[in-house]
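See below for the structure under consideration.
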Amino acid sequence: MIELSLFNVLDLLGTTAFAISGALAAMNRRLDLFGIFIIAFVTAIGGGTVRDTLIGNTPVTWMENIIYIYLIGVVTIFSIIFRRKLNYLKKSLFLFDTIGLGIFTITGVEIGIQNDLNPIISITLGAMTGTFGGVIRDILCNEIPVIFRKEIYATACLIGGLAFIILHEVGVPQDLIYLVTSLTVIIIRLIVVKYHISLPSFYLSSEKTPL
Amino acid sequence: MIELSLFNVLDLLGTTAFAISGALAAMNRRLDLFGIFIIAFVTAIGGGTVRDTLIGNTPVTWMENIIYIYLIGVVTIFSIIFRRKLNYLKKSLFLFDTIGLGIFTITGVEIGIQNDLNPIISITLGAMTGTFGGVIRDILCNEIPVIFRKEIYATACLIGGLAFIILHEVGVPQDLIYLVTSLTVIIIRLIVVKYHISLPSFYLSSEKTPL
Amino acid sequence: MIELSLFNVLDLLGTTAFAISGALAAMNRRLDLFGIFIIAFVTAIGGGTVRDTLIGNTPVTWMENIIYIYLIGVVTIFSIIFRRKLNYLKKSLFLFDTIGLGIFTITGVEIGIQNDLNPIISITLGAMTGTFGGVIRDILCNEIPVIFRKEIYATACLIGGLAFIILHEVGVPQDLIYLVTSLTVIIIRLIVVKYHISLPSFYLSSEKTPL
């Protein structure tokens with residue numbers, strides 16, 4: 001079993017949040033029972049799987065501990081039963097996606113630091129861990145990946161990751177860092193979407209260049 | 001060279017079936033000679049490559065043995081020459097996809113068991129090994145991935161994987177398990193498509209929730 | 001730091017070329033600042049990451065050396081500042097994509113040889129390393145992947161890879177091989193596109209077969 005440190009609790013919370021977002025997206029696409037489970041599963045484990053594969057931590061995490069599959073199975077059934085309540089909240093998919101993003105970004109940065117990677121590389125790894133599950137969910141459900149919409153998305157991860165590195169250097173206790181920086185990512189994204197804040201884009205011209 | 005155990009014969013048969021399905025899909029998209037080979041190659045080795053990468057079996061299988069590239073090359077040429085006969089069969093793409101699915105699901109479960117993974121995780125690994133090549137083929141050829149259509153697809157893998165684990169626990173000889181469970185997956189899929197059987201889906205509402 | 005052998009200089013040149021092609025594609029899609037960086041990053045490191053993951057060289061190269069992230073960051077800013085000049089050249093995206101393709105194909109073949117892979121497998125690995133970044137760029141930017149258009153693309157990689165193996169067997173000095181074979185790939189692609197040369201394709205029929 002997983003030891004119940006704050007790190008592991010956050011990891012399971014992030015898994016739960018992304019699994020709900022995946023199940024909601026799949027129900028929107030009218031997939032059947034197993035289709036819903038598959039999208040929930042891939043969304044929940046996608047970021048961590050890419051992270052583990054790139055650093056060479058194999059077999060990847062969800063293969064070493066059965067709790068992930070059970071948790072995602074329970075969350076899928078829960079999401080199907082309470083689908084109208086979740087829908088009633090209207091912004092649930094956005095909310096759970098954001099919670100998963102915040103938590104997984106920080107666990108990704110932590111794993112990078114633990115593997116003695118350069119801090120900037122660890123932040124990049126955190127951003128990948130946080131965003132990859134959602135990108136895969138959106139590609140499979142034929143949505144424009146959330147990462148490419150007008151909202152600031154990856155930027156929230158980068159700021160959270162930077163905060164992690166700074167607090168880590170300063171010597172703040174680990175558990176406090178986890179909470180503060182996860183919340184940083186989540187709050188930035190909530191504010192940014194609420195107030196329609198966006199970064200500048202740079203157009204080449206009104207026409208596309210020939211490839 | 002590969003030792004010619006039943007496991008390896010099945011592996012090469014599955015590779016052949018998926019390569020044919022890839023070559024047919026590529027010819028449908030009017031790709032040129034190398035485009036056809038590339039889609040055949042990716043379809044045939046996709047599932048096994050993901051399986052090997054996730055469990056850390058690197059270099060992946062097709063890199064350790066030249067027979068896979070040669071086999072896929074020969075199958076591609078064969079598919080091009082006999083394309084009208086294959087087309088005449090009308091349902092060939094579906095049929096070869098199903099054969100590949102059945103065989104690769106079972107080899108994936110077997111590799112999971114060999115690596116001491118939990119039985120449920122091994123079934124998941126088997127389902128991934130069986131379906132991933134076809135999903136990649138469909139994404140690259142711009143088709144709706146077969147796994148998300150109304151037919152029961154992943155479900156057939158899960159039932160076959162479950163049968164594998166049960167027969168394995170009961171102590172049935174390996175070779176018999178391979179044959180019975182591969183055929184289980186194939187037959188379930190054939191029956192399901194023939195009789196238009198499908199699992200229930202759960203709609204959120206008539207409109208999409210805002211992401 | 002990276003030792004500045006010709007191999008490493010070429011690797012950084014290929015990274016630069018692909019990062020520019022990614023940044024141009026992202027500006028075409030009107031992505032914001034970080035969106036541009038992300039596409040530039042993924043295009044530049046995609047091929048090498050897949051290569052490293054498949055042969056088990058983890059953590060992957062860009063994680064072991066911070067120079068890649070810095071270089072891609074600088075190239076992104078450079079591409080944004082000089083976007084009108086790059087656009088003025090009209091064919092810049094095509095040109096930088098081709099340079100990256102030529103160089104990365106050859107570094108992929110070399111890494112295969114260094115890992116004692118079969119020469120034909122090394123050529124396949126080289127073709128994957130050369131093409132994968134561009135395929136990912138095109139999928140993320142919602143373009144038809146360059147590899148599937150009418151032009152000869154993967155074929156150029158295969159010819160360059162074959163030339164590499166032959167010159168290697170004959171005993172030509174490494175640095176000379178790198179230059180000659182990278183240029184071979186680049187020149188073949190330039191000529192092929194200029195003169196609209198294409199390989200034959202094989203149609204199944206005027207209608208698509210049912211999948």
- What number of residues within the range A:170-195 satisfy the criterion of being open to solvent by 70 Å² or more (accessible area, probe 1.4 Å) and either without any contact (Cβ under 8 Å) to a residue 12 or more places away in the chain or small (Gly, Ala, Ser) (or both)? 7
- Task: With a cut-off of at least 2 residues that are more than 9 Å from chain B (Cβ to nearest Cβ) and buried (at least 22 other Cβ atoms within 10 Å of the Cβ), name the helices (runs of 4 or more DSSP H) lying wholly within the range A:19-102.
- Result: A:33-55, A:67-81
- Count - residues of the range B:24-54 that are in contact (Cβ under 8 Å) with a residue 60 or more places away in the chain and farther than 28 Å from A:Asn57 by Cα: 6
- Message: Which count do you get for residues in the range B:113-128 that are within 7 Å of chain A (Cβ to nearest Cβ), under 21 Å from B:Gly46 (Cβ atoms) and hydrophobic (A, V, I, L, M, F, W, C)?
- Response: 2
- Item | Residue that is modelled with the lowest pLDDT [pool: residues in the range B:136-162 that are among the hydrophobic types (A, V, I, L, M, F, W, C) and open to solvent by less than 20 Å² (accessible area, probe 1.4 Å)] | B:Val146
- Message: Here are the criteria: (1) over 30 Å from C:Leu54 (Cα atoms); (2) open to solvent by less than 40 Å² (accessible area, probe 1.4 Å). Tell me which single one A:Leu6 does not satisfy.
- Response: (2)
- Give the range A:110-120 a look and list any residue that's free of Cβ contacts under 8 Å to residues at least 60 places away in the same chain and surrounded by 21 or more Cβ atoms within 10 Å (Cβ to Cβ), or say none. A:Gly112
- Message: Out of B:Thr107, B:Thr184, B:Thr131, I need the residue that is within 13 Å of another protein chain (Cβ to nearest Cβ), part of a helix (DSSP H, G or I) and of a type in the set (S, T, N, Q). Which one?
- Response: B:Thr131
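The values are calculated or read from the model by the stated rules, or taken from the named source; none is laboratory data. Treat the numbers as computed from the prediction; the structure is a model and nothing was measured. Backbone-built Cβ (ideal geometry, glycine too); neighbour counts: all protein chains shown. Just so you know, the surface numbers come from the protein's heavy atoms only, side chains and all, with ligands and any DNA or RNA stripped out. Shrake-Rupley method; radii C 1.70, N 1.55, O 1.52, S 1.80 Å.
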